[in-house]
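Structure first, commentary second.
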Amino acid sequence: MLEFSLSSLGPSEQYNLRLEHWQQERERAERRFRTLGNLRLLTGIAAVAIAAASLGPGWISAWWLLAPVVVFSGLAIVHDRVDRGRIGAARGVSYYEHALGRLTHQWIGRGNQGERFRDPKHVYADDLDLFGRGSLFELLSTARTGAGETILAGWLLALGERQEVIARQEAVRELRSRTDLREELALMGEDIRAAVDAKILAKWGEGRPIEFFKGASIAAFLLAFAAVAAFALFLAHVVSLVPFLFVVLAEIGYYMAVRDGVRHIVAGVGTPAHELQLLMLLLERLERESFESTRLKELKQALETEAKTASQQIRRLAG
């Protein structure tokens, strides 16, 4: 988040300063990402050399393998964190390049064109170029979720009540000066670009849970523990590799028993889970914000159900 006053600057000057900031952040993250990648490669090479010296001729103890494993694990954690920062900075660059493109009329072909909402039978949608390349939807839409895109398309495809339109315009006026808030909402979470229809998401959330055989979670933990223990004892020259191989066979049998349920979960959970995670992050941020306009106050109040906020309810569903 940028911590300097931009209130005296126009939109173009603000966006250019923020674009420069994110470009610098991206360059720094790219350098750190490459450096950490090289260090991970060197650590992997060191691990291979230690393994060759210990497991082959036995020149050194196999316990020396723990050193590169620990270092590699630490580097992997930091590398992943830097990668997320790198992706976030790249998203910041893209966001402000698109924002500047809108100001300079160079936005055509760069945004979401909303083709899935196009209805050739609609009375005015094609005449007014609501959807498609260079459309009004492409100009307006910065939605992060499928539900947000659907709502915007609905506003464009139907006449709004006069009071409702006035309330929206009042909300827009309040949000216009909150550049920091808009930036946070644009950059947080993964950029999945609205892949899930709201009805499909609701159907997924109301579906029956997948059930596994009794004790499946305990068996999974015991098999993982047994694998680690058997391999550690092998490295310590206490037992041969046979116990570890038996554990691997048991894990294969366990996988065969649960694979259908796991496949069903993996097939259905990927996109809805990402959409819910993004929605939760967006709602958490909005729940912390205070608003003055009537429409925004009403929307914030509507996010609370059963004495819990919407983000809390989504977190409970995700858990």
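Quick one: would you say residue 113 is outside any helix (DSSP H, G or I) and surrounded by 13 or more Cβ atoms within 10 Å (Cβ to Cβ)?
Details: outside any helix (DSSP H, G or I): yes; surrounded by 13 or more Cβ atoms within 10 Å (Cβ to Cβ): yes.
Judged against the criteria, residue 113 is a match.
Please count how many residues of the stretch 199-238 are in a loop (DSSP other than H, G, I, E, B) and at pLDDT 85 or above. Step through it out loud before you land on a result.
As a first pass, look at the stretch 199-238 and keep what is in a loop (DSSP other than H, G, I, E, B): 207-215, 236-238.
When the remaining residues are screened for being at pLDDT 85 or above, the result is none.
Of the residues in that region, 0 qualify.
Here are the criteria: (1) exposed (fewer than 12 other Cβ atoms within 10 Å of the Cβ); (2) in contact with a Ser or Thr (Cβ under 6 Å, 6 or more places away or on another chain). Tell me which single one residue 57 does not satisfy.
Failed condition: (2).
So, in the stretch 136-163, exactly how many residues are within 20 Å of residue 96 (Cα to Cα), in contact with a helix residue (DSSP H, G or I) (Cβ under 7 Å, 6 or more places away or on another chain) and surrounded by 18 or more Cβ atoms within 10 Å (Cβ to Cβ)?
5
Yes or no, residue by residue, for (1) modelled with pLDDT under 90; (2) at negative phi; (3) in a helix (DSSP H, G or I):
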position	(1), (2), (3)
143	yes, yes, no
147	yes, yes, yes
154	no, yes, yes
160	yes, yes, no
163	no, yes, yes
166	no, yes, yes
169	no, yes, yes
174	no, yes, yes
185	yes, yes, yes
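Somewhere in the stretch 10-31, is a residue of a type in the set (Gly, Ala, Ser), at pLDDT 90 or above and either in contact with a Pro (Cβ under 8 Å, 6 or more places away or on another chain) or within 30 Å of residue 62 (Cβ to Cβ) (or both)? Walk me through it before giving the result.
Initial filter on the stretch 10-31 (of a type in the set (Gly, Ala, Ser)): 10, 12, 29.
Checking the rest, the ones that are also at pLDDT 90 or above come to 29.
Checking the rest, the ones that are also either in contact with a Pro (Cβ under 8 Å, 6 or more places away or on another chain) or within 30 Å of residue 62 (Cβ to Cβ) (or both) come to none.
No, that holds for no residue.
Just to check your reading of the model, which residue among 84, 133 is basic (Lys, Arg), under 30 Å from residue 179 (Cβ atoms) and either in the same structural domain as residue 29 (by TED's automatic domain parsing) or touching a helix residue (DSSP H, G or I) at 6+ places or on another chain (Cβ under 8 Å) (or both)?
Values: 133 fails: either in the same structural domain as residue 29 (by TED's automatic domain parsing) or touching a helix residue (DSSP H, G or I) at 6+ places or on another chain (Cβ under 8 Å) (or both).
One residue alone meets the criteria, 84.
Does the stretch 225-239 hold any residues that are in contact with a Phe, Trp or Tyr (Cβ under 7 Å, 6 or more places away or on another chain) and closer than 22 Å to residue 57 by Cβ, and which are they?
Correct list: 231, 234, 235.
Restricting attention to the stretch 136-145, does a residue exist that is among the acidic types (Asp, Glu) and within 30 Å of residue 23 (Cβ to Cβ)? Break it down stepwise before answering.
Our first condition is that a residue be among the acidic types (Asp, Glu); within the stretch 136-145, this holds for 138.
With within 30 Å of residue 23 (Cβ to Cβ) added as a condition, the list becomes 138.
Within the stretch 136-145, one or more residues are among the acidic types (Asp, Glu) and within 30 Å of residue 23 (Cβ to Cβ).
Could we say that residue 125 is buried (at least 17 other Cβ atoms within 10 Å of the Cβ) and under 26 Å from the mean Cα position of the chain (by Cα) here? Give the steps one after another, and end with the answer.
Numbers: buried (at least 17 other Cβ atoms within 10 Å of the Cβ): yes; under 26 Å from the mean Cα position of the chain (by Cα): no.
Criteria not met by residue 125.
Give the residues of the stretch 263-319 that are among the β-branched types (Val, Ile, Thr) and either more than 17 Å from the chain's Cα centre (by Cα) or at pLDDT 75 or above (or both), sorted by residue number.
Our first condition is that a residue be among the β-branched types (Val, Ile, Thr); within the stretch 263-319, this holds for 265-266, 269, 271, 294, 305, 309, 314.
Passing the criteria: 265, 294, 305, 309.
The values are calculated or read from the model by the stated rules, or taken from the named source; none is laboratory data. Fair warning: this is a prediction, and the values are worked out from it, not measured in the lab. Note that each Cβ is placed from the backbone with ideal geometry, even for glycine, and that neighbours are counted across all protein chains shown.
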